[in-house]
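Peer 1: My structure is below; once you've seen it, I'll send some questions.
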Amino acid sequence: MLNANICAAQLKLGRLEAANESCEAALASKPPTGFVLKPRQAYAAVHVNHGVVHLAQGDYQFAESEFRRAKAMQPDLRIAASNLQFMERSLRKGWVEIEGAL
């Protein structure tokens, strides 16, 4: 899951394309044995970061789906729930638009 760490670092540096590539590579790989987080936790964290990348790129629909996926994988992951709440509040207030939303 080295790519998960690279994804997080690239995201913090604002390198969204590189972060997206690293997140996708992390999601496509198998976590090594002995990883600090359990695989489900690790993948949930990557889904959150992947969602943040897409949120920053304006792909709100994909971001929301990644936050939902992370929350489904790891229900107690507070950042996933927090990001979903942000998305819902933002949509209600018209801060962001999701294409095709009613």
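The values are calculated or read from the model by the stated rules, or taken from the named source; none is laboratory data. Predicted model, so just to flag it, every value in this text is computed and none were measured. Positions of Cβ are backbone-derived with ideal geometry, glycine not excepted, and every protein chain shown enters the neighbour counts. Only protein heavy atoms, including side chains, enter the accessible area calculation; ligands, DNA and RNA are left aside. Shrake-Rupley method; radii C 1.70, N 1.55, O 1.52, S 1.80 Å.
Peer 1: Which percent of the accessible area of the chain is formed by carbon and sulfur heavy atoms (probe 1.4 angstrom)?
Peer 2: With neighbouring chains kept in place, the figure for the chain is 54 percent.
Peer 1: Can you give the helix-only mean residue ellipticity at 222 nm for the chain, where every DSSP H stretch with n ≥ 4 adds -39500 (n - 2.57) and the sum goes over all residues, rounded to the nearest 500 deg cm²/dmol?
Peer 2: Rounded to the nearest 500, the figure is -23000 deg cm²/dmol.
Peer 1: Given the protein chains as shown and a 1.4 Å probe, how many square angstrom of D59 are accessible, to the nearest 10?
Peer 2: Probe radius 1.4 Å; accessible area of D59 about 60 Å².
Peer 1: Under the definition of Cα pairs under 8 Å and six or more residues apart, what whole-number percent is the relative contact order of the chain?
Peer 2: 21
Peer 1: Could you run the Karplus curve 6.51 cos²θ - 1.76 cosθ + 1.60 with θ = phi - 60° over segment 38-53 and give me ³J(HN,Hα) per residue in whole Hz, x for Gly and Pro?
Peer 2: 5, x, 4, 5, 5, 5, 4, 5, 5, 4, 4, 4, 4, x, 5, 4
Peer 1: Accessible area per residue of segment 12-73 at 1.4 Å probe, in Å²? Don't skip to the end; give the middle numbers.
Peer 2: Working: 3570 Å² over 62 residues.
I get 58 Å² per residue for this part.
Peer 1: Further question: If the cut-off is a Cα-Cα distance under 24 Å, which lysines reach K12, setting aside same-chain residues fewer than 8 apart in sequence?
Peer 2: Answer for K12, where 24 Å is the Cα cut-off: K30, K38, K71, listed by chain and number.
Peer 1: Computed from these coordinates, which is volume of the Cα convex hull per residue in Å³: (i) 95; (ii) 121; (iii) 109?
Peer 2: (i)
Peer 1: Grab the beta carbon distance between N5 and A72, set R0 = 22 Å, and tell me the FRET efficiency rounded to 0.05.
Peer 2: Efficiency for this residue pair is about 0.45.
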